[in-house]
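I have placed the structure first, in the form of structure tokens, so that the comments after it can refer back to it.
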Amino acid sequence: MDKVKGTEYRTLDGINREMRAALEACALPHDLVRLGRSARDNPIHAACIGDGDFAKPELLYFSGAHAMEFVGPAMCLGLLQHVAAQAPDSPIGRALDRINIWFLPVLNPDGYLRIQRRLAEGPLGLAYGRANANGVDLNRNFPTGFYENRDSLFAGSAVKFSPYYRGKEPCSEPESRVFRDFVLNRNFRISIDFHCFGNFIGYPYGYSDKPCRDKDTFVQIAAEMVARQKGRKYRVMPMHKLYKVSGDTCDWLYDECRILAFTMEIAGLGFNLKDPQSALNPFHWANPRDPERHVQDNLEACLYLIDATLERFGHETDQNAED
């Protein structure tokens with residue numbers, strides 16, 4: 001079975017099988033890349049739809065930094081399956097003349113497997129956790145603002161037993177270094193990181209309340225995304241409006257890599273007193289019971305980022321061809 005016990009979410013093996021199946025049936029240029037390995041030596045995979053020429057501007061969909069946030073990988077996989085199913089003469093197929101589209105569903109495979117096992121144990125399968133196998137919150141482990149906001153509960157703790165433990169130094173973790181090296185060797189212009197929960201689309205900064213220089217661009221693109229949402233319309237705001245964070249992945253992508261880096265917090269709090277399991281099990285506080293509905297509600301919104309990458313950066317491909 002590819003479903004995690006008691007849920008509608010795929011196992012890690014199921015995600016990997018679905019990735020391969022989508023690519024095997026894909027009529028577009030594509031590749032499946034092993035970027036590196038986790039702390040427990042599990043492979044970290046990414047899929048590219050496009051010819052992989054890093055001279056082209058690129059778009060990155062990624063997720064799975066936090067162990068228990070399964071709806072993020074479900075969203076990323078759903079996008080990969082949709083894009084991979086397009087014909088070469090479709091709008092997405094034609095877009096690949098000028099851009100590449102990347103998908104990284106599970107950055108933290110050790111954490112995903114840990115939660116998967118806990119859900120399979122006992123009648124309740126209680127499962128909570130954000131960290132990798134070393135106890136580090138990967139979304140607090142990047143250089144930008146790493147030492148900021150020490151008084152914040154959620155920012156990034158120096159205490160090893162905190163669920164928000166940032167690690168001993170920036171990019172101390174194998175997964176963080178794999179992601180860092182991957183990004184630094186590509187040509188990403190826009191990215192979106194899928195998390196849960198909160199019903200909002202966020203943009204930099206998370207570590208500071210200073211306005212980012214591209215605020216108007218972020219708001220404009222996010223507004224186009226919201227207009228395409230089929231279900232609940234998400235709020236748009238800088239990440240620090242929720243709470244300040246240190247070492248955030250998207251702050252690093254934006255500040256040091258000059259990428260328009262979005263975060264989508266999918267769905268709302270799943271706690272429901274009428275559903276005893278959701279009330280008792282932290283996994284269900286974070287993840288909606290029906291992931292496919294949320295994937296479909298947000299699919300067109302996230303696909304808009306293909307148009308945004310083309311509109312704002314597609315000319316770079318033409319310039320490179322002229323050179």
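Odds and ends about this structure:
- Annotation: Ser176 fulfils all but one of (1) touching a residue at least 60 places away in the same chain (Cβ under 8 Å); (2) under 30 Å from Tyr304 (Cα atoms); (3) not in a loop (DSSP other than H, G, I, E, B); the unmet one is (1).
- Tally, over segment 244-267, of residues that are in a loop (DSSP other than H, G, I, E, B) and at negative phi: 8
- Any chance Val226 is in contact (Cβ under 8 Å) with a residue 60 or more places away in the chain, under 16 Å from His294 (Cβ atoms) and out of contact with any Asp or Glu (no Cβ under 7 Å at 6 or more places or on another chain): yes
- Ala267 vs. criteria buried (at least 19 other Cβ atoms within 10 Å of the Cβ), in contact with a His (Cβ under 6 Å, 6 or more places away or on another chain) and either more than 22 Å from Arg140 (Cβ to Cβ) or in contact (Cβ under 8 Å) with a residue 24 or more places away in the chain (or both): yes
- The set of residues in segment 97-119 being outside any helix (DSSP H, G or I) and buried (at least 22 other Cβ atoms within 10 Å of the Cβ) consists of Ile99, Asn100, Ile101, Trp102, Phe103, Leu104, Pro105, Val106, Leu107, Asn108.
- Hits in segment 33-44 - residues which are touching a residue at least 60 places away in the same chain (Cβ under 8 Å) and outside any loop (DSSP other than H, G, I, E, B): Leu35, Gly36, Arg37, Pro43, Ile44
- Segment 131-151: number of residues that are at pLDDT 95 or above, in a loop (DSSP other than H, G, I, E, B) and either surrounded by 20 or more Cβ atoms within 10 Å (Cβ to Cβ) or within 19 Å of the chain's Cα centre (by Cα) (or both): 9
- Search result, residues across segment 69-95 that are part of a loop (DSSP other than H, G, I, E, B), touching a Gly at 6+ places or on another chain (Cβ under 8 Å) and either crowded, with 16+ Cβ neighbours inside 10 Å or at pLDDT below 95 (or both): Gln86
- Residues (without any contact (Cβ under 8 Å) to a residue 60 or more places away in the chain, assigned to a helix (DSSP H, G or I) and surrounded by 17 or more Cβ atoms within 10 Å (Cβ to Cβ)) located in segment 181-220: Phe218
- Cβ-Cβ contacts under 6 Å between residues 6 or more apart (or on different chains), taken from a first residue in segment 6-32 that is under 11 Å from Pro73 (Cα atoms) to a second residue that is exposed (fewer than 15 other Cβ atoms within 10 Å of the Cβ) and of a type in the set (Asp, Glu), are listed as Arg10/Asp2; Thr11/Asp2.
- The requirement of being part of a helix (DSSP H, G or I), farther than 19 Å from Glu292 by Cα, of a type outside the set (Ser, Thr, Tyr) and over 11 Å from the mean Cα position of the chain (by Cα) is fulfilled nowhere in segment 52-62; no residue meets it.
The values are calculated or read from the model by the stated rules, or taken from the named source; none is laboratory data. In this text, all values refer to a predicted model and were calculated from it rather than measured experimentally. Methodologically, a virtual Cβ is constructed for each residue, glycine included, from the backbone with ideal geometry; neighbour enumeration extends over all protein chains shown.
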